[in-house]
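**Student:** Following this message is one structure expressed as structure tokens.
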Amino acid sequence: MSLLANVSMEFLVATGIGWVTACGVYLMLRGRSFPVVLGLTLLGYAVNIFIFVMGRLWSGAPPILGQGAVQADPLPQALVLTAIVIGFATTGFVIELALRSRAEAGTDHVDGREPGERPERDA
Amino acid sequence: MNATFADVMMQMFRQHLAVLPVLLPSLTAVFMLLIGDRADALPRLRRIALVSVALGLMFALKLALEADSGALRVYRVGDWPAPFGIVLVVDRLSAMMLVLTQAVALPVLWYAAGGWDTRGRHFHALFQFQLMGLNGAFVTGDLFNLFVFFEVLLIASYVLLIHGQGRERFRVGLQYVAINLAASALFLIGVSLIYANAGTLNMADLAQRVPLVEGDAAVVLKAAALLLLVVFGVKAALLPLHLWLPATYAAASAPVAALFAIMTKVGVYSIVRVHAVIFGADAGGSALVAGPWLLPLGLATGLLAVCGVLSARSLPRLVAWLTVASVGTVLAGVGLFSPAGLSAALYYMVHSTLVVAALFLLAELLAAQRGDAADRIEPGPPLAQPALLGLLMLLAAASAAGLPPLPGFIGKLMVLQASSGIASQPWVWAVVLTVGFLTLLGLARAGSVLFWSERPELAGSGTPAGASPRMLAAPVALLGAGVLMSVLAGPLTRYTDAAAAQLADRRSYVQAVLGVEGVITTRPYGFPAPDGEGRP
């Protein structure tokens, strides 16, 4: 218990972001389109939290002037909203694209063919 | 009444000119989406698109003429004061990039209106969105806004890339999207690290703030700058981040690939803005973070790309490798980090974009006359228009390889001159000249196979009719613009010299954007923290 009490919030958030990023990178390097999409999504989540944390961690500090002695920085919060919206749109697109790619190629491998299959004549 | 109305309109036009290159394509695109893309609406869509891009070209030329007086045009969106609101800044470099974008877009759109736009949905609207993203990236004065416009142009490019569909396009499309989403994540990490340590994302504010950052924060700031170099390197196809480009550009339809010729230049532009200006020679402890990397990587990119040119088995892939080779030369010029090097890089960049765009279009016209041989570099049936296409290819190839008196030669000569006297001069000379020679060799090989090794027994399997003058007009216009760069080399190099000098002059930049110099406008996080209260 005392061990946990000594762990700072910064440490927890930092390791959390690191862990999610690592999972995202691992999944992104898989050969199938579904894990790649999941990896990109996880990476997006990690990056969003990272932007938010770049405004430093505060508690009990509103991001609005005149509500108390301490204010949190509102700008990273505004940035992260923009990043979330863009990330959401691109995720939607990449899922659709992965589905179409699977339908066209008959496989969900990112190379458009199963491993070991002979490539079509590559120009 | 009429006169006053006209006066008001003129005043509004002058006041808002800086934002028009972004607004015009976005409004055009929305309007096109409202019209819809039924087959009977196509002629109208084509007219609207062409008029819009032509108008955009005129706006860009007007901005360039104004920028040439040396004045910075600063547009504060919503009239919010500079570091807090969004600013658009048009200087010589931005105006030049706007003109280049529109000058490439107009012939390409003309070409696409010859038939490619019928092979998929919403081509014209997406084309306009792509232009909006490109123009926005070139005029924005804020790093986060640069990210947003990057996303706009990328999302449009994702869909344009798979225009025309087909298995190969979906395959490279997925890879292209994945690599760019990963790059976008890195972009966000870099931008937020910069914000956390400099307290601002406004480029002018950063230019005065970055030199003041010291200690640990400066180290993180440098790491962030290098992260951004990776991101822009992906866009610009800098070695070793170029791997996505040849397959992607070769798979895209011809007009889309020709338009994409400008996309690598967005990466180059961003490297100039961030690494040659914000983290440039005057950036104190963080000065020239990209210094040790850019020149060697640029030269290596050129060498590797020219091997690609030599080994390419299809014409679009050869042209795609030429794109990479030109980026290598341009970034080597930028990597000299001197006004002369920058000026040379800018001149060469404009020229190579025009030539590469023309080559992508020519490659398709050529392939259409070769029956089953299509765009593969192997003997095929006799061409319908061997002399005309051959001469155009010769002109483009000689310009790409850098033969005098074409502008490619002038650009490379400027790079060589800019490197004289520095330690790495032998490397720059050796690589630039080798790349030029090998490019010539690769293009000569392709040209002799395509035009001279005919297989008469296949005669008749190709298209009997040649390319129509209407379709030929686009590559001819692009090549003509390239040749014009040779004729106007004097004024143009004066312009690029002035643009490079303007970029080096951080004081006037800061003064023009922020109004005052040296005023701390935003509060960076630093010690002591405010009271320490409220911290977890």
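**Student:** Ignore the peptide's own chain and count Cβ atoms of other chains within 10 Å of each Cβ in A:94-104; give me the average, rounded.
**Tutor:** Across A:94-104, the average partner-chain Cβ count within 10 Å equals 5.
**Student:** Please find the FRET efficiency linking B:ASP40 to A:ALA69, where r is the Cβ-Cβ separation and R0 is fixed at 45 Å, and quote it to the nearest 0.05.
**Tutor:** Result of the calculation: an efficiency of 0.10.
**Student:** Tell me which residues come under 5 Å, amide H to amide H, from B:GLY380 once H is placed; ignore anything under 5 positions away on its chain.
**Tutor:** Here B:ARG455 satisfy the definition.
**Student:** Just for the Cα atoms in the range B:227-356, what are the lengths along the principal axes, largest first, rounded to whole Å?
**Tutor:** 48, 23, 22
**Student:** Taking a temperature of 20 °C and a viscosity of 1.002 mPa s, what whole-number D in µm²/s does Stokes-Einstein yield for the range B:290-504 with Rh from Kirkwood over alpha carbon pairs?
**Tutor:** 121
**Student:** Computing the accessible area with a 1.4 Å probe over protein heavy atoms, can you report the carbon and sulfur percentage for the range B:31-119?
**Tutor:** 66
**Student:** Also: For B:LEU288 paired with B:PHE13, estimate the spin-label separation in nm (one decimal), with each label point 7 Å from Cα along the Cα-to-Cβ line.
**Tutor:** So the two model labels end up 4.6 nm from each other.
**Student:** Now a separate question. Please give the FRET efficiency for B:LEU394 paired with B:THR118, using the beta carbon to beta carbon distance and R0 = 35 Å, rounded to the nearest 0.05.
**Tutor:** That gives a FRET efficiency of 0.65.
**Student:** What order do you get for A:71-78, B:393-400, B:331-338 when each peptide is scored by the mean count of other beta carbon atoms within 10 Å, highest first?
**Tutor:** B:331-338, B:393-400, A:71-78
**Student:** Other chains' Cβ within 10 Å of B:312-320 residues: what's the mean?
**Tutor:** 1
**Student:** Still on this structure, I have one more. With every protein chain in place, what's the accessible area of A:SER59 (1.4 Å probe, Å², nearest 10)?
**Tutor:** Rounded to the nearest 10, that gives 60 Å².
**Student:** Would you mind giving the total buried accessible surface between chains B and A, with a 1.4 Å probe and ligands, DNA and RNA left out, rounded to the nearest 100 Å²?
**Tutor:** Between B and A, the summed buried area is about 3800 Å².
**Student:** Averaged over peptide A:47-56, how many Cβ atoms belonging to another chain are found within 10 Å of each residue's Cβ?
**Tutor:** That average works out to 5.
**Student:** What three numbers, in Å, describe the spread of the alpha carbons of the protein assembly as shown along their principal axes, ordered from the longest?
**Tutor:** Largest to smallest, the principal-axis extents are 87, 65, 61 Å.
**Student:** Further question: If only Cα atoms are counted, what is the Rg of chain B, and what is its Dmax, in Å?
**Tutor:** 23.3, 88
**Student:** Let me ask something else. Between B:TRP80 and B:VAL483, what FRET efficiency follows from the Cβ-Cβ distance if R0 is 51 Å, with the result rounded to 0.05?
**Tutor:** Once the sixth-power term is evaluated, E becomes 0.70.
**Student:** Something else now. Long-range amide H contacts for B:SER314: which residues qualify at under 5 Å (H placed 1.01 Å from N, peptide plane, sequence gap of 5 or more or a different chain)?
**Tutor:** Here B:ILE377 satisfy the definition.
**Student:** Obtain the nm distance between the two label points defined at B:ALA54 and A:ALA14 by a simple spin-label model: each point lies 7 Å from its Cα along the Cα-to-C-beta direction.
**Tutor:** If labels sit at B:ALA54 and A:ALA14, their model points lie 6.0 nm apart.
**Student:** Follow-up question, since we're still on this one. Of the listed peptides A:43-55, B:99-111, what is their order by residue-averaged count of other C-beta atoms within 10 Å, with the highest listed first?
**Tutor:** Listed from highest to lowest mean packing, they are B:99-111, A:43-55.
**Student:** What is the percent carbon and sulfur in the accessible area of the range B:290-504, measuring with a 1.4 Å probe over the protein chains and ignoring ligands?
**Tutor:** That share works out to 73 percent.
**Student:** Send over a whole-number figure in Å² for the accessible area per residue of the protein assembly as shown, probe 1.4 Å.
**Tutor:** 41
The values are calculated or read from the model by the stated rules, or taken from the named source; none is laboratory data. What you see is a predicted model; the values in this text were computed from it and never measured. Note that each Cβ is placed from the backbone with ideal geometry, even for glycine, and that neighbours are counted across all protein chains shown. Accessible surface areas use protein heavy atoms only, side chains included; no ligands, DNA or RNA. Shrake-Rupley method; radii C 1.70, N 1.55, O 1.52, S 1.80 Å.
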